1. What pairs come up if the first residue lies in region 69-90 and is without any contact (Cβ under 8 Å) to a residue 60 or more places away in the chain and within 15 Å of Pro33 (Cβ to Cβ), the second is of a type in the set (Asp, Glu) and surrounded by fewer than 18 Cβ atoms within 10 Å (Cβ to Cβ), and their beta carbons are under 6 Å apart, counting only those six or more places apart or on different chains?
2. Could you list all residues from region 23-67 that are farther than 18 Å from Lys10 by Cα, touching a residue at least 24 places away in the same chain (Cβ under 8 Å) and of a type in the set (S, T, N, Q)?
3. Please count how many residues of region 32-66 are farther than 13 Å from Ala81 by Cβ and loosely packed, with under 13 Cβ neighbours inside 10 Å.
4. Please tell me if Ser83 is surrounded by 18 or more Cβ atoms within 10 Å (Cβ to Cβ), in contact with a strand residue (DSSP E or B) (Cβ under 9 Å, 6 or more places away or on another chain) and of a type in the set (Ser, Thr, Tyr).
5. Can you tell me which residue among Ala81, Ala76 is under 13 Å from Lys12 (Cα atoms) and not polar (S, T, N, Q)?
Amino acid sequence: MSIEILGDVKFKGGERSTVGFMVSRGTSRKVVPAAEIMVKVLGSSFRPVIFHALTDMNGVATVSLQLPSFTTGRAAFLVRAISEGEEVKLRRSIAHS
């Protein structure tokens with residue numbers, strides 16, 4: 001199983017953005033409907049923020065994110081998709097505000 005971010009998205013603290021994720025399986029990239037998506041925003045200077053979604057019939061989930069504003073430390077978001085006992089993770093860094 002794999003998860004990918006749709007589009008060329010850059011993440012910056014303090015911004016609000018809508019991000020699409022696609023979950024697929026195998027080399028033929030068969031879409032995975034009803035996969036549970038959890039997006040966790042972590043940082044050294046703010047409390048974690050968590051968002052949830054489910055993929056649609058096309059294996060796509062859309063999550064509206066409000067990224068915390070920060071000027072020091074590091075931040076990243078972790079995306080986890082779960083379907084039928086299988087789990088996949090993705091990590092991206094977030095730039096300072």
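1. Matching pairs, first to second residue: Ile82/Glu36.
2. Ser24, Ser44, Ser45, Thr55, Asn58
3. Count: 8.
4. Values: surrounded by 18 or more Cβ atoms within 10 Å (Cβ to Cβ): yes; in contact with a strand residue (DSSP E or B) (Cβ under 9 Å, 6 or more places away or on another chain): yes; of a type in the set (Ser, Thr, Tyr): yes.
For Ser83, the condition - surrounded by 18 or more Cβ atoms within 10 Å (Cβ to Cβ), in contact with a strand residue (DSSP E or B) (Cβ under 9 Å, 6 or more places away or on another chain) and of a type in the set (Ser, Thr, Tyr) - is met.
5. On the way: Ala81 fails: under 13 Å from Lys12 (Cα atoms).
One residue alone meets the criteria, Ala76.
Bear in mind these aren't lab numbers, they're just calculated from the coordinates by the rules spelled out. Just so we're clear, the structure is a prediction, and the values are computed from it rather than from any experiment. Cβ atoms come from the backbone with ideal geometry, glycine included; neighbour counts cover every protein chain shown.
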